[in-house]
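The values are calculated or read from the model by the stated rules, or taken from the named source; none is laboratory data. What you see is a predicted model; the values in this text were computed from it and never measured. Here the Cβ positions follow ideal geometry from the backbone for every residue, glycine too, while neighbour counts run over all protein chains shown. Each accessible area value is taken on the protein alone, full model and side chains, heavy atoms only, with ligands, DNA and RNA left out. Shrake-Rupley method; radii C 1.70, N 1.55, O 1.52, S 1.80 Å.
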Amino acid sequence: MPSLRGRLPSTVMMALMVLCAFTLRLYALGRQSLWLDEGASFSIASSPLTSILEQTFTLEPNPPLYYVLLHGWMSVAGQTEFALRFLSLVPSVLLIPVLYRLGRMLAGQRVGLFSATLASGSPYLVWYSQEARMYALLACLAAASGLALLQAIRTGSWRAWVCFFILSGATLYTHLYGLFTVTALLLAAVVMDRSRRSAVRVILCALGLAVIYAPWLWATYTHRSQAPDWRAPVEILDIVGDTAAAFAHGPFLDGPAADWAAWGGVGLATIGVLVLVWRRQRTINQPDSRAAVLGLSIVVPLLVAYAASLAEPIYAERYVAAVAPFYYLAIAASIALLWRWFPIVVVAGVMAALYWPALTTSWSDARFQKEEFRAAATFVQQRASEDDVVILAAPFISMPFGYYYRGAAAVVPFGGEYDNPQPFLDGVLTNKRTVWLVTSHIENVDPNRKLSSWLASRYPENTEAYPKGIHINAFDLSYRLTALPQDATAVEARFEGGLTLVGYRADTALSPGDTVLHPPSNWLHATLYWRTDEPAAVNLVSEAYLLDSNAGIWGGKLHRPTDVGSVYPTRQRAVGDLVVDEVDVNLNPASSAGEYLLAVGLLRPDGGAVPLVSTSLRSGGAGNLVLLATVTILDQ
């Protein structure tokens with residue numbers, strides 16, 4: 001039995017690795033918005049248990065275990081982003097000691113320590129530990145199943161086999177790829193121990209697992225034809241390369257160095273498996289049997305994923321989380337067994353040099369920001385009234401959008417035909433003032449944007465925003481009025497050509513920059529009310545600027561082809577028409593804090609300014625602009 005003195009260094013190292021893993025996974029856990037799949041997790045887990053089972057056996061293409069656990073977890077920890085993701089953090093941290101035990105049982109303490117070191121800072125594992133999905137749980141259960149199998153083969157006890165059976169069943173009911181890993185482990189069991197007694201137990205385990213898994217597997221098979229085909233076909237080398245890159249540095253690094261790191265990992269993992277095959281030290285019944293767990297648990301899932309993808313693409317980097325523990329074990333075996341002079345601090349230093357740039361990039365680079373449903377819901381919530389309606393272009397985005405949205409306007413997932421949206425929209429838009437169209441993940445349901453095109457061809461665009469992964473368009477349904485709204489400021493500014501500005505509403509204080517809705521600039525929104533006093537000879541369009549005290553321009557109107565001047569041109573307007581003109585003024589993000597003026601005018605088709613005839617306010621711009629309001633630009 002090892003002495004306390006001999007165990008102490010490894011115990012301290014493990015404690016440090018667990019603490020490191022916990023710290024990296026805890027950092028900024030709830031900072032980002034939930035994205036589509038996380039919204040689905042929340043939506044499903046919020047249902048009653050019977051509904052969770054019904055959904056995961058019909059509509060949802062993932063097994064129910066994670067959702068059942070999340071359902072119970074939310075009742076205790078709450079429903080914040082931090083709480084939802086913490087359930088993934090826990091198994092990701094537990095993976096570290098499990099991997100240490102597995103590595104130590106396979107090839108000794110150094111392999112256990114090295115593999116735990118690799119996994120503790122892995123950008124891939126850190127990323128999915130901060131996502132309210134089942135991938136961190138899948139990785140932990142896969143490694144725990146491998147550990148239980150080695151224990152069962154070594155001891156031969158029924159208790160160990162029952163433990164393997166339970167953990168394998170949990171792996172199966174966590175994700176489809178769990179089936180590939182459990183299959184690999186059963187094959188490894190046959191290779192490791194070919195005795196009749198072991199064969200009987202492997203067969204019993206396989207049959208039992210088949211019985212409990214068959215209902216969901218059959219449901220998945222019948223469901224597969226209904227699933228959107230969003231994954232692209234892949235070749236086997238692509239699967240190997242993409243998986244290796246994901247395990248080395250995630251998608252966060254690129255370039256030759258990143259490629260070398262990815263394929264270098266493949267080489268080290270291959271060497272690690274071969275070293276275990278060649279070493280003649282008996283650990284589990286046969287001298288070289290320990291290599292079977294690593295080799296099969298890495299190769300079989302990737303081969304099965306490729307074979308299945310020939311019929312229907314099912315590969316995604318996040319799905320192979322169950323392979324990651326065994327991959328890191330193989331690399332650790334290569335380092336620990338071939339280069340014995342490598343102290344663990346050197347391995348940790350090399351991993352830090354690779355991992356830290358990837359980790360910091362994942363935390364700070366906007367390219368890897370999750371879809372901003374939080375910002376999208378807040379934007380609509382602050383602007384839409386109970387007289388408006390919010391339409392979700394893809395019905396399934398109601399899950400993450402609904403998690404955040406608490407606005408007055410009704411939310412309606414689009415349920416019509418994209419080729420002919422009018423029958424559905426006629427019933428939804430009746431008696432509404434503005435329609436807010438939220439578009440995300442539209443590529444597989446409306447790739448030609450027919451829904452937004454239908455709205456844009458009939459109604460002027462009010463405003464828009466594009467937080468990460470989402471596009472929001474607002475269209476005015478009631479852009480022709482009979483009287484000036486009570487909340488508008490009345491003015492009288494008459495221009496040549498027959499148009500008179502009779503009122504406005506505008507933002508009066510805002511910062512010049514924006515990093516979420518339309519980076520890098522913020523937009524000042526103004527609503528202008530134009531009255532037609534005489535028929536227009538040409539089509540006129542409004543212009544707006546943000547001016548400083550010296551008439552310097554610090555912002556200008558965004559001219560869109562869907563403005564009211566295009567949908568309802570001035571030449572078509574009758575005398576007395578009162579028309580709403582929604583304007584976004586794009587600000588210079590470098591604008592200094594202080595007071596500015598919102599100036600409005602009209603332009604001819606050739607771009608020339610229309611003279612201002614008379615006004616109740618101050619004028620500017622050589623007499624072509626009316627100065628409406630003072631706008632305060634705030635510090636960034």
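Can you check what the net charge comes to around H518, using other residues whose Cβ is under 10 Å from the Cβ of H518 (Lys, Arg +1; Asp, Glu -1)?
Around H518, the charge tally is -3.
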**Report entry** Tensor-based shape of region 430-576 (alpha-carbon gyration tensor, a/c under 1.5 rounded, otherwise prolate or oblate)
**Finding:** oblate
Query - Extension reserve of the E235-E312 stretch, reckoned as 0.36 nm per residue once the Cα distance is removed - result: 26.5 nm
Query raised in the report: Residue farthest toward the positive end of the dipole of the chain, with Cβ of Lys/Arg at +1 and Asp/Glu at -1: which of M134, G407, Y459?
Result: M134
Report task. Quantify, in whole percent, the carbon and sulfur part of the accessible surface of the chain (1.4 Å probe; protein heavy atoms only). Result -> 60 percent
Query raised in the report: Scanning the chain for chymotrypsin sites (Phe, Trp or Tyr not before Pro) in DSSP loops with at most 10 other Cβ atoms within 10 Å, what's the longest stretch left with none?
Result: 342-636
Report summary line: Taking Cα atoms only, helix 158-172 is inclined relative to the longest principal axis of the chain by an angle, in degrees rounded to 10, of 20 degrees
**Report entry** Rg in Å to one decimal, and Dmax rounded to a whole Å, for region 427-482 via C-alpha atoms
**Finding:** 12.2, 42
Query raised in the report: Could you give the length gained on full extension between D635 and T482, defined as 0.36 nm per residue of separation minus the Cα-Cα distance, in nm?
Result: 51.1 nm
Requested in this report: Would you mind checking the tilt of helix 81-107 against the longest principal axis of the Cα atoms of the chain, expressed as 0 to 90 degrees and rounded to 10?
Outcome: 20 degrees
Report summary line: Rounded to the nearest 10, the angle in degrees between the Cα long axis of helix 236-249 and the longest principal axis of the Cα atoms of the chain comes to 80 degrees
Query raised in the report: (1) 34.4, 104; (2) 34.2, 128; (3) 31.0, 102: which one is Rg and Dmax of the Cα atoms in Å as calculated from this entry?
Result: (3)
Requested in this report: Please report the orientation-averaged projected area of region 51-147, defined via the convex hull of its C-alpha atoms, in nm².
Outcome: 6.7 nm²
Query raised in the report: What is the spin-label model distance, in nm, from T23 to A257 if the labels are put 7 Å beyond Cα along the C-beta direction?
Result: 2.3 nm
**Report entry** 222 nm mean residue ellipticity, helices alone, for the chain (DSSP H n ≥ 4; -39,500 (n - 2.57); rounded to 500)
**Finding:** -16000 deg cm²/dmol
Requested in this report: Determine the dipole magnitude for region 119-219: charges of +1 sit on the beta-carbon of Lys and Arg, -1 on that of Asp and Glu, nothing else is charged, the reference point is the Cα centre, and the result goes in debye to the nearest 20.
Outcome: 400 debye
Query - Stretch gain in nm, segment Q422-S75, where the contour uses 0.36 nm per residue and the Cα spacing is subtracted - result: 120.7 nm
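I'd like the projected area of region 566-621, averaged over all directions, using the convex hull of its alpha carbons. Report it in nm² with one decimal. All intermediate terms of the calculation are to be shown ahead of the outcome.
Working: hull surface 24.6 nm².
The Cα convex hull of region 566-621, projected and averaged over all directions, gives 6.2 nm².
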Requested in this report: Starting from the Cα of A366, step 7 Å toward the Cβ, then list every residue of region 5-46 with an amide N under 16 Å from that point.
Outcome: 33
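Given a 1.4 Å probe, how much area per residue of the chain is accessible, in Å²?
43 Å²
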**Report entry** Scaled radius of gyration (Cα, divided by 2.2 N^0.38 Å) that region 115-238 gives
**Finding:** 1.20
Report task. Can you bin region 293-417 into rounded, prolate or oblate? Criterion: square roots of the alpha carbon gyration tensor eigenvalues sorted a ≥ b ≥ c, rounded for a/c under 1.5, prolate for a/b above b/c, oblate for the rest. Result -> oblate
**Report entry** Scattering profile of region 454-497 at q = 0.18, 0.24, 0.33 Å⁻¹ [log10 I(q)/I(0), Debye over alpha-carbon scatterers]
**Finding:** -0.80, -0.96, -1.11
Query raised in the report: Any idea what diffusion coefficient region 509-563 gets from Stokes-Einstein, in µm²/s, Kirkwood Rh on alpha carbon pairs, 25 °C, 0.890 mPa s?
Result: 176 µm²/s
